[in-house]
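Undergrad: If you scroll down you'll find the structure; I have some questions about it.
The values are calculated or read from the model by the stated rules, or taken from the named source; none is laboratory data. What you see is a predicted model; the values in this text were computed from it and never measured. Don't worry about glycine lacking a Cβ; one is built from the backbone with ideal geometry, like all the others, and counts go over all protein chains shown. Note: areas computed on protein heavy atoms with side chains; ligands, DNA, RNA excluded. Shrake-Rupley method; radii C 1.70, N 1.55, O 1.52, S 1.80 Å.
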Amino acid sequence: MWTPGLVSVSFRGESPETILREARAAGLRAIEWGGDIHVPRGDPERARRIGAATREAGLSVAAYGSYYRLGTAEDPAAAFSPVLDTALALGAPVIRLWAGTAGSADTPEEVRAALAAEARRLAGMADKAGIVLTLECHNGTLTDRWESAAAFLAQVGHPCLRMYWQPNQLLDGAYNRRAARELAPCTVHVHVFHWDAAGRYPLAQGREEWRDYLDILTGAWMEDGQEHALLLEFMHDDKLSSLRETAAELLSWQM
């Protein structure tokens, strides 16, 4: 039902080869490759090499974290085309985007409508290529709260546009459980970490909260029959040496 994996930007200073070696040694099975360092947009040949290396290492490409941001391109189709080409070369079934440049409370209706029109256009491009687009529950974007995320997906109205889910470290467990429940039916992958407003902590310290989230998410996923990835995003101490311990905690949740 879900695949344990890693977001490559967790280790921006490491090479793709090192990330693959360490992820495999830690027992992980999927990688979301980031478009800022490891697989830059517009370099399909590099993307092709890294995609092939990922599969040769026995891992899958879960997604392409493109860092494309809605609302920032003068010609969205022209700006998105190299992102799409790179994802295709990588062999990524999913492209992750960011929804605008401001939080939902600071996004006027006319801006929201323009972002929805852009997202609908890009989703159509991705759909033709057999790729799913996702937004994420990220602060400072239109999808910072579940209510706004759900409303935006409905406004766009394209089945190819879906969501990543992650807990909001600035809000409490009750909010995060509700957000997981409301967004589970449209959630493709999940970013996994244990943070709060004060800092980052070893994943094992968030075990009980994550068991609650997974009960909610997997309940919805049982109905869709799809494979979803739980992707470790950043270690609590940013150290590569912490990956195996963190991955072991993630893997223990499958028991």
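Undergrad: If I compute solvent accessible area with a 1.4 Å probe over the protein chains, what percent of it on the chain is carbon and sulfur? Walk me through the numbers before you get to the answer.
TA: Working: 5360 of 10800 Å².
Answer for the chain is 50 percent, counting heavy atoms of protein chains only.
Undergrad: Separate question: For segment 154-210, what does the accessible surface come to per residue with a 1.4 Å probe? Please give it in Å². The partial results should precede the final answer.
TA: Numbers: 2490 Å² over 57 residues.
Each residue of segment 154-210 exposes 44 Å² on average to a 1.4 Å probe.
Undergrad: Which ³J(HN,Hα) values in Hz, rounded to whole numbers, follow from the phi angles of segment 5-20 under the Karplus curve 6.51 cos²θ - 1.76 cosθ + 1.60, where θ = phi - 60° and Gly and Pro get x?
TA: After applying 6.51 cos²θ - 1.76 cosθ + 1.60, I find x, 9, 8, 5, 5, 4, 9, 4, x, 9, 6, x, 5, 5, 4, 5 Hz.
Undergrad: Moving on to the next point. Can you list the residues, at least 5 places off or on another chain, whose amide H is less than 5 Å from the amide H of GLY65, using H built in the peptide plane?
TA: Long-range HN contacts for GLY65: TRP33, GLY34, GLY35, ARG96.
Undergrad: How big is the chain by Rg and Dmax over its Cα atoms, in Å?
TA: Cα radius of gyration and Dmax of the chain are 17.2, 49 Å respectively.
Undergrad: Tell me, what ³J(HN,Hα) does each residue in segment 78-86 have, in order and in whole Hz, if you take phi through Karplus 6.51 cos²θ - 1.76 cosθ + 1.60 with θ = phi - 60° and put x for Gly and Pro?
TA: With the stated coefficients, segment 78-86 comes to 5, 6, 7, 4, x, 5, 5, 4, 5 Hz.
Undergrad: Non-local amide H neighbours of THR143 (under 5 Å, H modeled in plane, Pro and chain starts lacking H): which ones?
TA: Amide H to amide H, under 5 Å and 5 or more residues apart or across chains, THR143 pairs with ALA99, HIS138.
Undergrad: Taking only protein heavy atoms into account and a 1.4 Å probe, give the accessible area per residue of segment 21-95 in Å². Don't skip to the end; give the middle numbers.
TA: Numbers: 3020 Å² over 75 residues.
Heavy-atom accessible area per residue stands at 40 Å².
Undergrad: Convex hull over the alpha-carbon atoms of segment 18-84: what's its volume per residue in Å³? Intermediate values should be presented prior to the final figure.
TA: Details: hull volume 5.4 nm³, N = 67.
Taking the convex hull of the Cα positions in segment 18-84, it is 81 Å³ per residue.
Undergrad: Let me ask something else about it. For LYS239, LYS128, give the ranking by accessible area with the largest first, probe 1.4 Å. Walk me through the numbers before you get to the answer.
TA: Numbers: LYS239 110, LYS128 185 Å².
Result, largest first: LYS128, LYS239.
Undergrad: If Rh is defined by the Kirkwood formula over all Cα pairs and Rg also comes from Cα, what ratio Rg/Rh do you get for segment 5-148? Mind showing how you got there, number by number?
TA: Numbers: Rg = 15.7 Å, Rh = 15.7 Å.
My calculation puts Rg/Rh at 1.00.
Undergrad: Place +1 on the Cβ of every Lys and Arg and -1 on the Cβ of every Asp and Glu in the chain, take the dipole about the Cα centre, and give the residue among PRO16, LEU217, LEU171 whose Cα lies farthest towards its positive end.
TA: PRO16
Undergrad: I've got another one for you. Please work out the C-alpha center-to-center distance from segment 9-66 to segment 105-128 and express it in whole Å.
TA: 28 Å
Undergrad: Provide, in order from the shortest bin, the percent of all Cα-Cα pairs of segment 130-255 in each 5 Å bin, continuing until the bin that contains the maximum pair distance.
TA: Whole-percent P(r) values from 0 Å outward: 2, 10, 21, 23, 20, 14, 7, 2, 0.
Undergrad: Counting Lys and Arg as +1 and Asp and Glu as -1, each charge on the Cβ, what is the dipole of segment 116-254 about the Cα centre in debye, to the nearest 20?
TA: Details: 13 positive and 20 negative charges, 67 e Å.
Around 320 debye, computed over segment 116-254.
Undergrad: Apply the Karplus parameterisation 6.51 cos²θ - 1.76 cosθ + 1.60, with θ equal to phi minus 60°, to every residue of segment 180-195 and state each ³J(HN,Hα) to the nearest whole Hz, in sequence, with x for glycine and proline.
TA: Once θ is set to phi - 60°, the couplings for segment 180-195 become 4, 5, 6, 9, 3, x, 10, 8, 8, 10, 10, 8, 10, 6, 10, 10 Hz.
Undergrad: Only Lys, Arg, Asp and Glu count, each charged at its Cβ (+1, +1, -1, -1), so figure out the dipole size of the chain about its Cα centre, rounded to 20 debye.
TA: 520 debye
Undergrad: Please give the peptides 108-121, 182-195 ranked by average Cβ packing (other Cβ atoms within 10 Å per residue), highest first, as a rough proxy for protection.
TA: Values: 108-121: 15.9, 182-195: 21.0.
So the peptides 108-121, 182-195, ranked by packing, come out 182-195, 108-121.
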